[in-house]
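S.K.: Quick one: this structure, given as C-alpha coordinates, is what I'll be asking you about.
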Amino acid sequence: MTFVVTDNCIKCKYTDCVEVCPVDCFYEGPNFLVIHPDECIDCALCEPECPANAIFAEDEVPADQQHFTELNAELADIWPNITEKKDPLPDAEEWDGVPDKLQHLER
Ligand code: SF4
Ligand code: F3S
(Lines give C-alpha, C1' and ligand atoms only; values in the text may rest on other atoms or scores of the structure.)
(Ligands and ions follow the chains in the order given, each with its own letter.)
Protein backbone atom coordinates (compact mmCIF):
# COMPACT_ATOMS: atom_id res chain seq x y z
CA MET A 1 0.00 0.00 0.00
CA THR A 2 1.06 3.57 -0.54
CA PHE A 3 0.28 6.90 1.05
CA VAL A 4 -1.27 9.66 -1.05
CA VAL A 5 -0.93 13.46 -1.03
CA THR A 6 -4.32 15.10 -1.54
CA ASP A 7 -5.99 18.42 -2.35
CA ASN A 8 -5.04 20.50 0.67
CA CYS A 9 -1.32 20.33 -0.16
CA ILE A 10 -1.90 22.39 -3.30
CA LYS A 11 -0.68 26.00 -2.88
CA CYS A 12 0.59 25.20 0.64
CA LYS A 13 3.45 22.70 0.12
CA TYR A 14 4.76 22.82 3.66
CA THR A 15 7.29 20.01 2.93
CA ASP A 16 7.48 18.78 6.56
CA CYS A 17 6.57 15.38 5.11
CA VAL A 18 9.79 15.17 3.13
CA GLU A 19 12.03 15.24 6.15
CA VAL A 20 10.69 12.10 7.75
CA CYS A 21 10.42 9.84 4.72
CA PRO A 22 12.98 7.04 5.09
CA VAL A 23 12.97 6.18 1.38
CA ASP A 24 12.84 9.71 -0.12
CA CYS A 25 9.81 8.97 -2.25
CA PHE A 26 8.37 12.50 -2.48
CA TYR A 27 8.37 14.33 -5.83
CA GLU A 28 7.92 18.06 -6.25
CA GLY A 29 5.94 20.21 -8.64
CA PRO A 30 5.52 24.00 -8.60
CA ASN A 31 2.79 24.01 -5.93
CA PHE A 32 2.16 20.39 -4.90
CA LEU A 33 4.02 17.28 -3.78
CA VAL A 34 3.27 13.66 -4.60
CA ILE A 35 4.34 10.26 -3.30
CA HIS A 36 5.66 7.59 -5.64
CA PRO A 37 3.41 4.57 -5.04
CA ASP A 38 6.06 2.04 -6.03
CA GLU A 39 8.63 3.48 -3.63
CA CYS A 40 6.51 4.21 -0.53
CA ILE A 41 7.06 1.54 2.13
CA ASP A 42 3.87 2.34 4.02
CA CYS A 43 5.67 3.47 7.17
CA ALA A 44 3.06 6.15 7.97
CA LEU A 45 5.64 8.59 9.35
CA CYS A 46 4.68 11.41 6.99
CA GLU A 47 0.95 11.46 7.69
CA PRO A 48 1.04 13.20 11.11
CA GLU A 49 3.79 15.60 9.98
CA CYS A 50 1.67 17.44 7.41
CA PRO A 51 0.34 20.71 8.91
CA ALA A 52 -2.37 20.71 6.24
CA ASN A 53 -3.49 17.12 6.96
CA ALA A 54 -3.15 16.37 3.27
CA ILE A 55 -1.62 12.88 3.49
CA PHE A 56 -3.71 9.71 3.75
CA ALA A 57 -3.12 6.00 3.53
CA GLU A 58 -4.39 4.78 0.18
CA ASP A 59 -7.32 2.97 1.77
CA GLU A 60 -8.28 6.03 3.83
CA VAL A 61 -8.31 8.65 1.07
CA PRO A 62 -11.66 10.49 1.41
CA ALA A 63 -14.27 9.55 -1.18
CA ASP A 64 -14.17 12.95 -2.86
CA GLN A 65 -10.37 12.77 -3.27
CA GLN A 66 -9.98 9.31 -4.80
CA HIS A 67 -8.62 10.80 -8.02
CA PHE A 68 -5.50 11.91 -6.13
CA THR A 69 -4.24 8.33 -5.90
CA GLU A 70 -3.84 8.14 -9.67
CA LEU A 71 -2.56 11.72 -9.83
CA ASN A 72 0.25 10.93 -7.36
CA ALA A 73 1.33 7.98 -9.49
CA GLU A 74 1.21 10.01 -12.70
CA LEU A 75 3.14 13.04 -11.43
CA ALA A 76 5.72 11.06 -9.43
CA ASP A 77 6.98 9.70 -12.74
CA ILE A 78 7.44 13.19 -14.15
CA TRP A 79 8.46 15.51 -11.31
CA PRO A 80 11.91 15.66 -9.63
CA ASN A 81 12.66 14.05 -6.28
CA ILE A 82 12.68 16.27 -3.17
CA THR A 83 14.60 15.14 -0.08
CA GLU A 84 14.95 18.25 2.07
CA LYS A 85 12.42 20.53 3.71
CA LYS A 86 12.11 24.04 2.31
CA ASP A 87 9.98 27.08 3.08
CA PRO A 88 6.25 26.65 2.42
CA LEU A 89 4.68 28.63 -0.42
CA PRO A 90 4.26 32.30 0.54
CA ASP A 91 0.45 32.20 0.89
CA ALA A 92 0.32 28.75 2.49
CA GLU A 93 -1.59 29.87 5.56
CA GLU A 94 -4.30 31.56 3.52
CA TRP A 95 -4.76 28.55 1.27
CA ASP A 96 -4.75 25.96 4.04
CA GLY A 97 -8.29 24.58 4.20
CA VAL A 98 -9.61 26.15 1.00
CA PRO A 99 -11.64 23.40 -0.74
CA ASP A 100 -11.17 22.08 -4.28
CA LYS A 101 -7.72 23.41 -5.05
CA LEU A 102 -7.09 20.97 -7.89
CA GLN A 103 -8.05 23.74 -10.35
CA HIS A 104 -4.94 25.61 -9.12
CA LEU A 105 -2.51 22.71 -9.64
CA GLU A 106 0.51 23.77 -11.67
CA ARG A 107 2.29 21.08 -13.63
FE1 SF4 B 1 7.58 8.01 2.89
FE2 SF4 B 1 6.59 6.47 4.83
FE3 SF4 B 1 5.17 8.54 3.94
FE4 SF4 B 1 5.51 6.39 2.40
S5 SF4 B 1 4.38 6.46 4.34
S6 SF4 B 1 5.72 8.53 1.77
S7 SF4 B 1 7.58 5.76 2.96
S8 SF4 B 1 7.15 8.64 5.01
FE1 F3S C 1 2.14 19.03 1.16
FE2 F3S C 1 1.73 18.53 3.69
FE3 F3S C 1 3.93 17.71 2.58
S4 F3S C 1 1.21 20.41 2.62
S5 F3S C 1 4.31 19.24 1.03
S6 F3S C 1 1.89 17.04 2.04
S7 F3S C 1 3.76 18.54 4.61
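S.K.: Mind giving me the nanometre distance, one decimal, between the label points for Glu49 and Glu84, set 7 Å out from Cα along Cα→Cβ?
M.R.: For Glu49 paired with Glu84, the spin-label model returns 1.5 nm.
S.K.: Picking from Glu47, Glu28, Glu70, which is most flexible by a Gaussian network model of the chain using Cα springs under 10 Å?
M.R.: Answer for the Gaussian network model of the chain: Glu70.
S.K.: Just name one of Pro37, Gln66, Tyr14: the one whose Cα is farthest towards the positive end of the charge dipole of the range 3-83 (beta-carbon charges, Lys/Arg +1, Asp/Glu -1).
M.R.: Tyr14
S.K.: Related question: Roughly how big is the chain's charge dipole about its Cα centre, with Cβ charges of +1 (Lys, Arg) and -1 (Asp, Glu), in debye to the nearest 20?
M.R.: Roughly 260 debye for the chain.
S.K.: Average projected area of the Cα convex hull of the chain, in nm²?
M.R.: Mean shadow area of the hull around the Cα atoms is 5.8 nm².
S.K.: With every protein chain kept in place and ligands, DNA and RNA left out, what is the accessible area per residue of the range 3-83? Probe 1.4 Å, answer in Å².
M.R.: Result: 43 Å² per residue.
S.K.: If you don't mind, there's one more thing I want to ask. Taking Cα pairs under 8 Å and at least six residues apart, what relative contact order does the chain come out at, in percent?
M.R.: 45 percent.
S.K.: With a 1.4 Å probe and every protein chain kept in, tell me what percent of the accessible surface of the range 3-83 is carbon plus sulfur. Show your work: numbers first, answer last.
M.R.: Working: 1640 of 3510 Å².
Whole-percent figure for carbon plus sulfur exposure: 47.
S.K.: At 7 Å along the Cα-to-beta-carbon direction for both Asp64 and Asp38, put a label point, then send me their distance in nm to one decimal.
M.R.: Taking the two extended label points, one gets 3.3 nm.
S.K.: Going Cα to Cα from Lys11, which aspartates and glutamates come in below 16 Å? Please leave out same-chain ones fewer than 8 positions away.
M.R.: Filter leaves Glu28, Asp87, Asp91, Glu93, Glu94, Asp96, Asp100, Glu106.
S.K.: Only helical DSSP H runs with n ≥ 4 go in: add -39500 (n - 2.57) per run for the chain, normalise by residue count and round the 222 nm mean residue ellipticity to 500 deg cm²/dmol.
M.R.: -4000 deg cm²/dmol
S.K.: Let me ask another. Which three numbers, in whole Å and largest first, are the semi-axes of the equivalent ellipsoid of the range 44-89 derived from its Cα gyration tensor as √(5λ)?
M.R.: Output for the range 44-89: semi-axes of 19, 16, 10 Å.
The values are calculated or read from the model by the stated rules, or taken from the named source; none is laboratory data. Computed from a prediction, not measured in an experiment: that's the story for all the values here. Cβ sites come from the backbone with ideal geometry, for glycine too, and all protein chains shown count toward neighbours. Heavy atoms of the whole protein, side chains included, go into the accessibility calculation; ligands, DNA and RNA do not. Shrake-Rupley method; radii C 1.70, N 1.55, O 1.52, S 1.80 Å.
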